[in-house]
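Accompanying notes for the structure given below.
The values are calculated or read from the model by the stated rules, or taken from the named source; none is laboratory data. These numbers come from a predicted model, not from an experiment. Cβ coordinates were reconstructed from backbone atoms using ideal geometry, including for glycine residues, and neighbour counts include every protein chain displayed.
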Amino acid sequence: MSSTGNPARTVAPSARTIAQGALTLTADGAAWLASTQSHTRTTVAVRNDRSTTPAALPCGAAFDVVNAPAIFGRRMLDQLWGEGPGSGPVAVYRGRMLLFATPGTAQRLPVLLKWEEWGSDGGAGRSRAIPPLLCHGRGDAVTIPPAGTTPGDPEPLPTPARWLVAPDTRRPWLPGPEVLLWAAVRAARAARISIFPPADLGAKVYDVSRRR
């Protein structure tokens, strides 16, 4: 059961920080998202750096998505940034956290969770510590947040989707199933001993310079 060990860290060349909730999708990040499909209307909406409309993109080619309950997903994210290699893009949609991952993760992660006896099927024992994780892969689609506005623009209309860590390059680093397994197990263990309520999602800052 060695797959829950601490994943290796590497340092990315960028030195920016992104606050949770900031709509900071860059032109390169938008180009990466748009590259997942060729539908003209959606591509234009993603590439437009002033778009305030969420868009639906297919999974399975450029990325898979692990969809977690907000509080548990936040705990996973804290593990990834606190002790792990960082994360890829992360968004919130309708009270769920969307962690972008390498293609194939949607098929592999549930197998690893079951093998590690940390499956989210509601079984007895420690498996109950990890809530259901919805894995979106080939044949699925996810709703991504709007690109947002630039300083000085009017406040956008409320939207159920927002970026926590927005894509900022044309080839963002994405965690694989082993890294997300490690984060989920660590988050479950931390939840058992935590006596404090979760911090405000809008207050956390993750240092993007630590991403691959």
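For the subset of region 118-136 comprising residues that are more than 17 Å from Ala191 (Cα to Cα) and touching a Ser or Thr at 6+ places or on another chain (Cβ under 8 Å), which member is modelled with the lowest pLDDT?
Here the residue is Asp121.
Restricting to region 69-85, give me the number of residues that are in contact with a strand residue (DSSP E or B) (Cβ under 7 Å, 6 or more places away or on another chain) and either of a type in the set (Val, Ile, Thr) or closer than 10 Å to Ala183 by Cβ (or both).
Qualifying residue count, region 69-85: 4.
In this structure, does Ala22 turn out to be in a loop (DSSP other than H, G, I, E, B), modelled with pLDDT under 90 and more than 20 Å from Pro145 (Cα to Cα)?
no
Conditions (1) more than 18 Å from Leu33 (Cα to Cα); (2) assigned to a helix (DSSP H, G or I); (3) modelled with pLDDT under 90, marked per residue:
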site	(1), (2), (3)
Glu155	yes, no, yes
Arg162	no, no, yes
Pro167	no, no, no
Leu180	yes, yes, no
Ala183	yes, yes, no
Phe196	yes, no, yes
Tyr206	yes, no, yes
